[in-house]
Amino acid sequence: MTSYVDIDEDIELEFEVEELVNKLLERVCDMEGCPYEACVNIIVTHSDEVRVYNRDYRGIDSSTDVLSFPALELHEGDFDNIKETDADAFDPETGELMLGDIVICIERVYSQAEDFGHSVLREFAFLVTHSLYHLCGYDHMSDTEAGVMEKKQEETLRSLGITRD
């Protein structure tokens, strides 16, 4: 499992981002039964940059906490339609399944950690996990979908000892 992490130069976090993302990626893929090694791209940037991504790719001219850009059309963790012969689905250098890109707003990581009364690490891990489930084809447009996604996110974080405390 590989994560490619791009953090703006002026952003410092008190934990190893790539190591954390790789753990989360591996756990989500294991829990979803992904039959392939996978990779994901992570950008950690500021609110103004997130706003540009949101405007340019989603038509919403505002910032948000996290954006997910799936590389594949998956439905709720169903990897059955992906074949090793699907060249566009795999990184030509590593052979890993390319799940997509995640853009995280650093200001929201800090403000939401404070709002929810937990650590910056926990909030960052939550946003990455949330996005990884989006990349695996989950959504939260209905209450039922939201419930499924929330349960998976909490199970993933709890299994790694990342709690709200």
*Based on what the data block shows, is LYS83 farther than 22 Å from LYS23 by Cα, among the basic types (Lys, Arg) and either out of contact with any His (no Cβ under 8 Å at 6 or more places or on another chain) or without any contact (Cβ under 8 Å) to a residue 60 or more places away in the chain (or both)?*
yes
*Give ASP78, ASP65 a once-over and let me know the one that is under 25 Å from GLU19 (Cα atoms), of a type in the set (D, E, K, R) and touching a residue at least 24 places away in the same chain (Cβ under 8 Å).*
ASP65
*asked:* Quick test for you: out of LEU121, LEU99, pick the one residue that is modelled with pLDDT of 95 or more and in contact with a strand residue (DSSP E or B) (Cβ under 8 Å, 6 or more places away or on another chain).
replied: LEU99
*Is it the case that GLY137 is small (Gly, Ala, Ser) and more than 21 Å from VAL40 (Cβ to Cβ)?*
no
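Taking the conditions exactly as written (farther than 19 Å from GLU19 by Cβ and in a helix (DSSP H, G or I)), does GLU123 satisfy them or not?
Values: farther than 19 Å from GLU19 by Cβ: no; in a helix (DSSP H, G or I): yes.
Criteria not met by GLU123.
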_ARG27, sole failed condition from (1) within 19 Å of ASP139 (Cα to Cα); (2) without any contact (Cβ under 8 Å) to a residue 40 or more places away in the chain; (3) among the basic types (Lys, Arg)_ = (2)
*asked:* Residues that are of a type in the set (Val, Ile, Thr) and surrounded by fewer than 16 Cβ atoms within 10 Å (Cβ to Cβ): does region 33-46 have at least one?
replied: no
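A quick yes/no check of all residues on (1) touching a Ser or Thr at 6+ places or on another chain (Cβ under 8 Å); (2) under 28 Å from SER47 (Cβ atoms); (3) surrounded by fewer than 18 Cβ atoms within 10 Å (Cβ to Cβ); (4) not acidic (Asp, Glu):
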residue: SER68; (1), (2), (3), (4): yes, yes, no, yes
residue: GLY100; (1), (2), (3), (4): yes, yes, no, yes
residue: VAL120; (1), (2), (3), (4): no, yes, yes, yes
residue: VAL148; (1), (2), (3), (4): no, no, yes, yes
*Does region 100-120 hold any residues that are part of a helix (DSSP H, G or I), touching a residue at least 40 places away in the same chain (Cβ under 8 Å) and in contact with a helix residue (DSSP H, G or I) (Cβ under 6 Å, 6 or more places away or on another chain), and which are they?*
GLU107, VAL109, GLN112, VAL120
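Which residue out of PHE124, PHE90 is surrounded by 12 or more Cβ atoms within 10 Å (Cβ to Cβ), among the hydrophobic types (A, V, I, L, M, F, W, C) and over 23 Å from TYR53 (Cβ atoms)? Give the derivation first.
Working: PHE124 fails: over 23 Å from TYR53 (Cβ atoms).
Going through PHE124, PHE90 in turn, just one is surrounded by 12 or more Cβ atoms within 10 Å (Cβ to Cβ), among the hydrophobic types (A, V, I, L, M, F, W, C) and over 23 Å from TYR53 (Cβ atoms): PHE90.
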*When you go through (1) in a loop (DSSP other than H, G, I, E, B); (2) out of contact with any Phe, Trp or Tyr (no Cβ under 8 Å at 6 or more places or on another chain); (3) on the phi < 0 side of the Ramachandran plot; (4) modelled with pLDDT under 95 one by one for TYR138, which number turns out not to apply?*
(4)
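The values are calculated or read from the model by the stated rules, or taken from the named source; none is laboratory data. Since the structure is predicted, the reported quantities are computational estimates derived from the model, not experimental observations. Ideal geometry is used to build each Cβ from the backbone, glycine not excepted, and the neighbour counts take in all protein chains shown.
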